[in-house]
Amino acid sequence: MKNRIKSFDTRIIVLVLALATGATFAVRQAVSANDDNEKAVRKVLEQEAAAFEKGDVEALNKFWANDEWVSVFESGGADIGWANYRDHHLIPEMKELKNTKHTLSDIRVRVAGKTAWATFKYSLAGDLKERRIDVNGLGTAVLEERNGRWLIVHRHTSARRRAPVPVPAASPAKN
């Protein structure tokens, strides 16, 4: 009887160890896949910023979902649909902006299935007609995995408010 109990205990221990090993392997695989997806999302966001900096519309088309569900909120304004945003916002903006520098930093990515969201800081500088713009702000992006590619479906950015520039006092009239 003792041998049977000992044999049963051994089988239970072996079974528990096998299950634990399998579970550990599955968790490692899931973590690895999630890390790969987070890197892929980060890469899409960085490449999209670089494409904007270069004024490369063809490249931008590869990073955005080409449908009417795309939404972009920027400092109180809204654009709905990729074609609308691209044609009536991005392209005119890129044509007017010269010597453009656009970077993202502090990108934090979270992936859940085929949806990802990211928060980031951004910096945008360039020459706009006779003045230089230099904007820093915060952003959020939502991406969907479609046919094995991560595509941007929503972005919201807001620039920091700048302190008002004091208006110079009027000079006294000279007689």
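The values are calculated or read from the model by the stated rules, or taken from the named source; none is laboratory data. As the structure is a prediction and not an experimental result, all values here were calculated from the model. Neighbour counts run over all protein chains shown; Cβ positions are idealised from the backbone, glycine included.
Results for (1) within 19 Å of the chain's Cα centre (by Cα); (2) over 30 Å from L128 (Cβ atoms); (3) modelled with pLDDT of 95 or more; (4) not small (G, A, S), shown as yes or no for each residue.
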{"position": "N3", "(1), (2), (3), (4)": "no, yes, no, yes"}
{"position": "L19", "(1), (2), (3), (4)": "no, yes, no, yes"}
{"position": "T24", "(1), (2), (3), (4)": "no, yes, no, yes"}
{"position": "W64", "(1), (2), (3), (4)": "yes, no, yes, yes"}
{"position": "E74", "(1), (2), (3), (4)": "yes, no, no, yes"}
Neighbours by Cβ (under 7 Å, 6+ apart or cross-chain): first from the range 57-74, within 10 Å of Y85 (Cβ to Cβ); second of a type outside the set (A, V, I, L, M) and in a loop (DSSP other than H, G, I, E, B): V70/G81
For E48, are the conditions met, namely being surrounded by 11 or more Cβ atoms within 10 Å (Cβ to Cβ), at negative phi and either at pLDDT 95 or above or in contact with a strand residue (DSSP E or B) (Cβ under 7 Å, 6 or more places away or on another chain) (or both)? yes
Would you be able to say whether some residue in the range 148-166 is of a type in the set (K, R), modelled with pLDDT under 95, part of a strand (DSSP E or B) and under 23 Å from A50 (Cβ atoms)? no
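Out of all the residues in the range 83-97, is one or more at positive phi and within 19 Å of the chain's Cα centre (by Cα)?
Going through the range 83-97, the residues at positive phi turn out to be none.
Checking the range 83-97: not a single residue is at positive phi and within 19 Å of the chain's Cα centre (by Cα).
Take the range 138-160 and flag every residue that is of a type in the set (K, R) and within 16 Å of I80 (Cα to Cα). Working first, answer last.
If we filter the range 138-160 for residues that are of a type in the set (K, R), which is where we start, we get 146, 149, 155, 160.
Result: R155, single match.
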